[in-house]
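> One structure, pasted below without further comment.
The values are calculated or read from the model by the stated rules, or taken from the named source; none is laboratory data. Keep in mind the model is a prediction, meaning the values are calculated, not measured. Cβ atoms come from the backbone with ideal geometry, glycine included; neighbour counts cover every protein chain shown.
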Amino acid sequence: LSFDSLMRSSTSMAAASSSSSAAFFSGIPLIDLSAPDAKQLIVKACEELGFFKVVNHGVPMEFISSLESESTKFFSLPLSEKQRAGPPSPFGYGNKQIGRNGDVGWVEYLLLNTHLESNSDGFLSIFGQDPQKLRSAVNDYILAVRNMAGEILELMAEGLMIQQRNVFSKLVMDEQSDSVFRVNHYPPCPDLQALKGTNMIGFGEHTDPQIISVLRSNNTSGFQISLADGNWISVPPDHSSFFINVGDSLQVMTNGRFKSVKHRVLTNSSKSRVSMIYFGGPPLSEKIAPLASLMQGEERSLYKEFTWFEYKRSAYNSRLADNRLVPFERI
Ligand code: GA4
């Protein structure tokens, strides 16, 4: 990946971080899922960046639009009503507070279980009087996006020349998979213009603990990824595509070959941003360790052995910006 291909914006981006340059990046790998070389390009993107954009994904636009409009309706309810769907842990409505350890952001959100049938009662209590439309929009969307994530994970295995092509995908397709779904609403943050130069955080920097994350947002900017050199780059929004993140667990399963990408969201001074993210995680009892078939020669595991349950517990006791893999590294 040539960083010379960075397209730095000449104008000062409104919410640019003071500690690093903000640039519009033209080098986000673009994967056409229907192209014959998709698997090789996916592997390259996961090794170099841990991040890529997907088109020809097969998720019907109507599922995407109806989830967006039902979510927008939910977020426009009076706060007191939304709060009836809270608190967010383990699932429900959250406002500004992220996680349980003091992180805050200019964001409100819904955190949802992906086990749709078994959780339908939980859903009813979360969505109050008229939960049906939001619930079925979430169901349709999750099913379609989970299948796409499964396909992408199979392409990764093929691209890595692993015999067992479902070695990653089976973890998120499993009945017991511990996946999460999140809808974020970042209201416009008008103070930004006045406080020019300050860094308003919608969602603070972090990596995702799971295997794979599938992000879709409306056309409002704000999402940034961190490059290996520490620079933050703004990812131009694209409401009809998906963005894929490698999560910590996939980094471990590939013994560091794939990179779990650090990312964050900055606020926008005039427009609302709505994003929806599917976090594909393994069953709680799953051992997360480098795949033997990927280890070459004398290569040693960079990590101690752990289960997803252990990693998740540790992650939920951390702060957003912590490097959650450090305690699991082999010395
Ligand atoms: C980041 C990825 C997912 O959004 C999430 C987040 C979770 C939360 O919002 O409760 C965490 C965060 C995420 C990582 C560290 C812990 C847990 C907030 C936090 C400070 C749902 C997840 O699985 O991990």
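> Suppose we filter segment 187-214 for residues that are within 23 Å of residue 308 (Cα to Cα) and either at pLDDT below 90 or among the aliphatic types (A, V, I, L, M) (or both); how many remain?
3
> Pairs only if they're at least six apart or on different chains, beta carbon under 7 angstrom, first in segment 311-325 and among the acidic types (Asp, Glu), second more than 8 Å from the ligand (Cβ to nearest atom); list them, first residue then second.
Listed by first residue and then by second, the contacts come to nothing, as the list is empty.
> Would you please name the residue that is nearest to the ligand (Cβ to nearest atom), looking only at residues in segment 90-117 that are in a strand (DSSP E or B) and of a type in the set (Gly, Ala, Ser)?
94
> Also, I was wondering about something else. I need the strands (runs of 3 or more DSSP E) fully contained in segment 215-331, keeping only those with at least 3 residues that are closer than 30 Å to residue 137 by Cα and either away from the ligand (no atom under 15 Å from the Cβ) or modelled with pLDDT of 95 or more (or both).
Those strands (runs of 3 or more DSSP E) span 223-226, 242-246, 263-266, 273-280.
> Consider only pairs whose beta carbons are under 7 Å apart and that are at least six residues apart or on different chains; among these, list those whose first residue lies in segment 215-226 and is β-branched (Val, Ile, Thr) and whose second residue is assigned to a strand (DSSP E or B).
Partner pairs satisfying both residue conditions: 220/273; 225/51; 225/233; 225/263.
> Do you know which residues across segment 275-331 are aliphatic (A, V, I, L, M) and more than 21 Å from residue 255 (Cβ to Cβ)?
Matches in segment 275-331: 276, 277, 284, 320, 321.
> While we're on this one: Find all pairs meeting these conditions: Cβ atoms under 9 angstrom apart; at least six residues apart or on different chains; first residue within segment 90-107 and within 18 Å of residue 74 (Cα to Cα); second residue of a type in the set (Ser, Thr, Tyr).
What qualifies is 92/125; 93/109; 94/109; 95/109; 106/186; 106/267; 107/186; 107/267.
> What number of residues within segment 160-174 satisfy the criterion of being surrounded by fewer than 18 Cβ atoms within 10 Å (Cβ to Cβ), in contact (Cβ under 8 Å) with a residue 60 or more places away in the chain and assigned to a helix (DSSP H, G or I)?
0
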